[in-house]
Ligand code: 3HC
C-alpha cells in the first residue's frame with residue numbers, strides 16, 4: 001500500500017505537479033518543508049526589526065512611506081508563510097514557540113545592526129536582491145501552498161529591491177559624505193548577504209534531498225553566483241566598490257570569481273553569537289508577551305462576531 005503511495009508521489013514530483021496538503025507525502029518531505037517554510041516565515045518577521053529601527057528617522061516623507069510599506073510587506077510575507085506552514089499540520093503557537101525558544105532558525109542576515117540610513121538602502125538592494133534570487137525558483141517548488149505564496153512575495157520583493165537601490169544611487173551621487181556612507185554600508189552588508197544564501201553545496205546538509213524533492217530548484221552556490229554576477233555591475237554603475245579584492249570577471253566561465261567567505265563568522269551568527277542575535281530574540285519575545293492582550297481581544301472579538309452570525 002505505502003509502496004504505491006510512494007510511487008504516486010514520486011511520479012507527481014517527476015511530472016512537476018504540485019503536492020497539495022491533502023496528498024500523501026513522505027514524513028521527511030513534510031518535516032523538511034515545516035523546517036524551511038517556518039524558518040523562512042521567522043526570517044520575514046525578525047527582518048522587520050533592523051528596518052523598523054529607521055521608520056521614525058527616515059530622511060524624507062517619501063522615504064518613510066516606502067520603508068513603512070516595505071516593513072508592512074515583510075509582516076504579510078511572514079503571515080502568508082506561517083499559513084502555508086500550518087497546512088503541513090503544525091500550529092501557529094507551536095511555530096512561535098520554536099522561534100522564541102531558539103529551536104528554530106531565522107536568516108543570519110538579520111543579526112547585523114542598521115547603523116546609518118545607508119544601511120536601509122543596502123538592505124533593500126542586497127538583502128532583498130539576494131532574497132529575490134533565492135525566492136524566484138521557489139515559485140516552482142513542489143509544495144503547492146509554498147509555491148503559490150512565493151508568487152505574491154516575489155512581486156513585492158522587486159519593489160523592495162528597487163527602493164533600496166534608489167537610496168544607494170541617491171547617496172552615491174550625493175555629497176562626498178553621503179557617498180562614503182553608501183560605501184561603508186556596502187562594506188558591511190556585502191559578505192553577510194553572500195552568506196544569507198546558505199553554506200557551500202559541499203557543506204549543505206539539505207540541498208541534495210531538497211533538489212530531489214524539487215523543494216530547491218537551484219543550489220546555494222548557483223544562487224550565490226547569480227547574485228554576485230547580477231549585483232557587481234549595479235555597484236559599478238553607481239561608482240561603489242565591492243569589498244572583495246579577489247573579485248574578478250572570468251571571461252571563460254562568464255561569471256565573477258570571488259574571494260573566500262568567512263564561514264566561521266556565518267556559523268557563529270547562525271549559532272546565536274552575531275552582533276544582534278540577543279536583541280532580536282528579546283524584541284520578539286517581548287512583543288509576544290506584551291502583545292498577549294491584543295491576541296486575547298482579537299479572539300474575543302472574533303468569537304462575538306461568530307456568535308452574532310449564529311443568532
Ligand atoms: N541563516 C540561518 N541559517 C541558515 C542559513 C542562513 N542564512 N543558511 C542555511 N542555514 C541553516 C539551514 O536552515 C540548515 O539548518 P537546519 O537544518 O537547522 O534548518 C543548515 O544551515 C544547513 O544549511 P542548508 O543549506 O543545508 O539548508 P537549506 O537547504 O534549508 O538552505 C536556505 C538554506 C537557502 C536559506 C533555504 O532554507 C531557503 O531557501 N529558505 C527559503 C528562503 C529564506 O528563508 N530566506 C531567508 C531570508 S527571507 C528574506 O530575505 C526576506 C526578505 O524580505 C528580506
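Here, each number is a calculation from the coordinates, and none is a lab measurement. Keep in mind the model is a prediction, meaning the values are calculated, not measured. Using ideal geometry, Cβ is built from the backbone for each residue, glycine included, and neighbour counts are taken over all protein chains shown.
On the basis of the beta-carbon distance and an R0 of 30 Å, residue 232 and residue 282 show a calculated FRET efficiency of 0.25. Ordered by the count of other Cβ atoms within 10 Å of each Cβ, fewest first, 1, 177 give 1, 177. Put simply, the convex hull of the Cα atoms in segment 166-226 casts, on average, a shadow of 5.2 nm². Pairwise Cα distances in segment 36-131 exceed 14 Å for 67 percent of all pairs.
In terms of surrounding Cβ atoms within a 10 Å radius of their Cβ, 256, 82 rank from fewest to most as 256, 82.
Between residue 257 and residue 306, the FRET efficiency from the beta-carbon distance, with R0 = 51 Å, is close to 0.25. A quarter of the convex hull surface defined by the alpha-carbon atoms of segment 79-134 gives 5.0 nm² as the mean projection. As a ratio to 2.2 N^0.38 Å, the alpha-carbon radius of gyration for the chain is 1.07. For residue 72 and residue 204, FRET efficiency with R0 = 30 Å and r from the beta-carbon atoms, rounded to 0.05? Given R0 = 30 Å and the Cβ-Cβ separation, E is 0.40. Shape summary: segment 13-76 maps onto an equivalent ellipsoid whose semi-axes, from the alpha-carbon gyration tensor, are 38, 13, 7 Å in decreasing order. Expressed as a fraction of 2.2 N^0.38 Å, the value expected for a compact globular protein of N residues, the C-alpha radius of gyration of segment 127-197 is 1.37. For residue 94 and residue 140, the difference between the fully extended length at 0.36 nm per residue and the C-alpha to C-alpha distance is 13.8 nm.
Averaged over residues, the count of other Cβ atoms within 10 Å places the peptides 122-131, 298-307, 138-147, 49-58 in the sequence 122-131, 138-147, 49-58, 298-307, highest first. With bins 10 Å wide beginning at 0, the percent of Cα pairs of segment 167-311 falling in each bin runs 9, 24, 25, 19, 13, 7, 2, 0. Projecting label points 7 angstrom from Cα along Cα→Cβ for residue 264 and residue 17 puts them 5.1 nm apart. With only Cα atoms counted, segment 228-288 has Rg and Dmax values of 17.4, 53 Å.
Summarising the label geometry, the points placed 7 Å from Cα in the beta-carbon direction at residue 293 and residue 222 lie 5.2 nm from one another. The residues 22, 216, 271, when put in order of fewest to most other Cβ atoms within 10 Å, stand as 22, 271, 216.
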